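Participant: Here it is, the structure, as structure tokens.
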Amino acid sequence: MKINALVAHDATQPLIADAITLRALQPHDVKIDILYCGVCHSDLHMARNEWAVSRYPLVPGHEIVGRVVATGAQVSRYKAGDIVGVGVMVDACRECHFCQQQEEQYCEAGFTATYNGIDKYTGDSTWGGYAQHTIVNEDFVVSVPGNLPLSGVAPLLCAGVTVWSPLRHFNVKAGDNVGVVGLGGLGHMAVKLASAMGAEVTLFTTSPEKGEDARRLGASNVVVSRDAAQMAAARTSLDVIIDCVSAPHDLNPYLATLKTNGRLVLVGIPESPHLAPDVTPMVFRRLSISGTSIGSIKETQDMLNFCGEHGITADVEVIAGECVENAFSRMLQGDVKYRFVIDIAATRWA
């Protein structure tokens, strides 16, 4: 089946509208008319081959919300008309320890990425959500609560679950003190979700002007990380920190703000390594540094259910698909609050 999509044909050219071919519907597949797709910074990395793993032609997009229009003969979870989401992965080995534990994001064989992965059925590259339609195995599709604006749901499928997963895994609960480093696509969701869990949230930012917005999103405290006095006042006050910054930076000042037994969790991946932290406070106060990757299908569904109960979506700027290169440029300048989302219906394909 031929459909329209926004396609990268090489690392040096802008995305263009072009035709791609979807695989045939398999017995456990769901065909989805895509309504909205979030623009993740990783889409830009992949379109430009900045991680040296891109295969062309490439269709980005892994924050997908749409409507089911057809199902395979053996599909039991979804029917035509259902509003659903697809995130960063569309398959996994299903057999390893992590898949058996419903942690497909850590599949020992490597999960199948929503785009630029290898489709099990065809051996071809998978296509992402900058397109009119997608076909996905039902086990990697999630239900979207009916009370949420769909454009704001799209970024939950990556940015939302990426911060939800560590908050849940490390048992953040009401009354805990949670730090969030950086107020971007990931950081603003970490503030919203941790606050809705009942935690007291402290945002660390290098930009004092972000303080008002951080409080609007749910932060109780704002600390300008370049202000030594403010950082000193925050010492030993936090149980968990979710570090959402993807640029190299000094971790030591943040370790100093953790209580004994505190944990610094990294979800941003810098282009070059962070400086090695000072081990001494880690030893004497039993501090930990860890990382975490996206989230499982179960975590994604749990997160969406939680967001439905609490009325949480991402703060987005909706664009038509032909504006995506401009969105990429603005992302590089930090000029977005806090996620671009493509309106597929508003996109011109010619």
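The values are calculated or read from the model by the stated rules, or taken from the named source; none is laboratory data. Values in this document were obtained by computation on a predicted structure and should not be read as measured data. Note that each Cβ is placed from the backbone with ideal geometry, even for glycine, and that neighbours are counted across all protein chains shown. Calculation scope for accessible area: heavy atoms of the full protein, side chains included, ligands and nucleic acids excluded. Shrake-Rupley method; radii C 1.70, N 1.55, O 1.52, S 1.80 Å.
Participant: Quick one: Cα centre-to-centre distance for the range 1-24 and the range 261-339, in angstrom?
Facilitator: So the separation of the two Cα centres works out to 28 Å.
Participant: Take every Cα pair under 8 Å in the chain that's 6+ residues apart, average their separations, divide by the length, and report that relative contact order as a whole percent.
Facilitator: Numbers: 812 pairs, mean separation 62.5, N = 350.
Computed over the chain, the figure is 18 percent.
Participant: Separate question: Tell me the mean residue ellipticity at 222 nm calculated for the chain from its helices only (DSSP H runs of n ≥ 4, each -39500 (n - 2.57), averaged over every residue, nearest 500). Please report the intermediate quantities before stating the final value.
Facilitator: On the way: 11 runs with 84 residues, N = 350.
It comes out at -6500 deg cm²/dmol, rounded to the nearest 500.
Participant: Multiplying the sequence separation of Ser76 and Glu108 by 0.36 nm and subtracting their Cα-Cα distance, what value in nm do you get?
Facilitator: Numbers: separation 32, 0.36 × 32 = 11.52 nm, distance 2.73 nm.
Contour length minus the Cα-Cα distance gives 8.8 nm.
Participant: What are the DSSP H helices in the chain that stretch 15 Å or more along their long axis, judged by alpha-carbon atoms, and whose average Kyte-Doolittle hydropathy comes to at least 0.5? Intermediate values should be presented prior to the final figure.
Facilitator: Values: long enough: 159-169 (16 Å, 0.17); 185-196 (17 Å, 0.87); 297-310 (20 Å, -0.73).
Membrane-span-like by this criterion, though nothing is claimed about a membrane: 185-196.
Participant: Choose one answer from Ser272, Ser290, Ser151: the residue with the largest mean-square fluctuation in a GNM of the chain with alpha-carbon springs under 10 Å.
Facilitator: Answer for the Gaussian network model of the chain: Ser272.
Participant: Given a 1.4 angstrom probe, what's the average accessible area per residue across the chain, in square angstrom? Don't skip to the end; give the middle numbers.
Facilitator: On the way: 14910 Å² over 350 residues.
That works out to 43 Å² for each residue.
Participant: In the range 99-196, what percent of the accessible surface is made up of carbon and sulfur (1.4 Å probe, ligands and nucleic acids excluded)? Intermediate values should be presented prior to the final figure.
Facilitator: Details: 1430 of 3180 Å².
Percent of accessible area from carbon and sulfur atoms in the range 99-196: 45.
Participant: Keeping all protein chains in place and using 1.4 angstrom, which order do Ile32, Ile297 fall into by accessible surface area, from largest down? Don't jump to the answer; show the numbers that get you there.
Facilitator: Working: Ile32 0, Ile297 30 Å².
If we order Ile32, Ile297 from most to least accessible, we get Ile297, Ile32.
Participant: Which distance in nm do the two modelled labels at Ala247 and Trp349 give, with both placed 7 Å along the Cα-to-Cβ direction?
Facilitator: 3.9 nm
Participant: Ignoring everything but the protein chains, give the 1.4 Å probe accessible area of Glu209 in square angstrom, nearest 10.
Facilitator: Here the accessible area works out near 140 Å².
Participant: Right, next: Can you compute 3J(HN,Hα) from phi for each residue in the range 57-74, using the Karplus curve 6.51 cos²θ - 1.76 cosθ + 1.60 with θ = phi - 60°, rounded to whole Hz and x for Gly and Pro?
Facilitator: x, 9, 10, x, x, 9, 10, 10, 10, x, 10, 5, 10, 7, 9, x, 4, 10
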